[in-house]
């Protein structure tokens, strides 16, 4: 493992234990080059996933990108980090179990919307504004109207 501070490849594992949710191994590491300490997490990966963007471009799936987008949507919201981690784990498991290595970006967005719908309504709207590409205030009004309307929530574009 390369040191994130000095890029030295000579790092040593000082402590290993399961993460709180038992979905990963948490490792405390020490860099022999600069003396820094840092933590890594090791997870089981069932298959290499590739995200197919709307443009057709294919990029490797990055769990960290999913985590970052949820962090942005959930910023300053009273949501337990454990719930967020379980949601991310569930989304990744569902993607890995779909049977295909290539996943449409819309499928990922749909799964995130489902998870946020039950987790936090403000984060749900924040994420939707990016996922559905809101351009003006009326887009929010229409979306919020659908949320409270008798037909319930819809994840598909109109």
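Every number here is computed from the coordinates shown, using simple stated rules; none is lab data. Please read these numbers as outputs of a predicted model, since none were measured by experiment. Quick reminder, even Gly has a Cβ in these numbers, built from the backbone with ideal geometry, and neighbours come from all protein chains shown.
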(Q) Can you tell me the orientation of helix 121-131 relative to the chain, as the angle in degrees between its alpha-carbon axis and the longest Cα principal axis, to the nearest 10? (A) 90
Q) When 68, 27 are ordered from fewest to most other Cβ atoms inside 10 Å of their Cβ, what list results? A) 68, 27
Q) How would you rank 17, 86, 132, going from fewest to most other Cβ atoms within 10 Å of each one's own Cβ? A) 17, 86, 132
Q) Sorted from fewest to most neighbouring beta carbons within 10 Å, what does the list 112, 13 look like? A) 13, 112
Q: With a 10 Å radius around each residue's Cβ, average the other Cβ atoms per peptide and rank 70-77, 93-100, 122-129, highest first.
A: 122-129, 70-77, 93-100
Q: Grab every C-alpha pair in the range 27-88, bin the distances at 10 angstrom width from 0 up to the longest one, and report whole percents.
A: 15, 32, 34, 17, 2
Q | Alpha carbon Rg of the chain, scaled by the compact-globule rule 2.2 N^0.38 Å | A | 1.26
(Q) Taking R0 as 41 Å, what FRET efficiency do you get between residue 38 and residue 142 from their Cβ-Cβ distance, rounded to the nearest 0.05? (A) 0.35
